[in-house]
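The values are calculated or read from the model by the stated rules, or taken from the named source; none is laboratory data. Since this is a predicted model, take the numbers as computed values, not measurements. Note that we place each Cβ from the backbone using ideal geometry, even for glycine, and neighbour counts take in every protein chain shown.
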């Protein structure tokens with residue numbers, strides 16, 4: 001079981017907090033951090049620029065599908081960004097904490 005980081009964005013701090021809290025409460029994520037960002041992207045044939053909130057979600061690779069499903073359930077965007085990265089180097093005790101924090105009954 002490897003550690004991964006998942007990133008998603010939303011347009012509201014309240015929604016970011018709601019998603020972060022739900023993922024941790026459901027034991028799908030060990031930790032979720034929220035940062036304010038500026039996003040530039042193409043949507044409906046126009047370049048957009050918006051303030052968004054990025055969630056950095058720390059979990060394990062075997063929880064990815066459950067995290068993705070929860071984000072889709074909780075997210076207001078028609079097409080939320082959900083991107084996962086393998087963590088190739090991680091402090092051993094921290095990796096154990098992530099694994100322990102995400103063990104439990106599947107939702």
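Can you tell me which residue among 37, 6 is at negative phi, over 11 Å from the mean Cα position of the chain (by Cα), modelled with pLDDT of 95 or more and in a strand (DSSP E or B)? Just a single option satisfies the conditions, and that option is 37.
Of the residues making up the stretch 62-82, none is farther than 15 Å from residue 23 by Cβ, part of a helix (DSSP H, G or I) and either touching a strand residue (DSSP E or B) at 6+ places or on another chain (Cβ under 9 Å) or without any contact (Cβ under 8 Å) to a residue 40 or more places away in the chain (or both).
Within the stretch 24-56, count every residue that is in contact with a helix residue (DSSP H, G or I) (Cβ under 6 Å, 6 or more places away or on another chain) and either surrounded by 22 or more Cβ atoms within 10 Å (Cβ to Cβ) or under 26 Å from residue 92 (Cα atoms) (or both).
Summing the residues that are in contact with a helix residue (DSSP H, G or I) (Cβ under 6 Å, 6 or more places away or on another chain) and either surrounded by 22 or more Cβ atoms within 10 Å (Cβ to Cβ) or under 26 Å from residue 92 (Cα atoms) (or both) in the stretch 24-56 gives 6.
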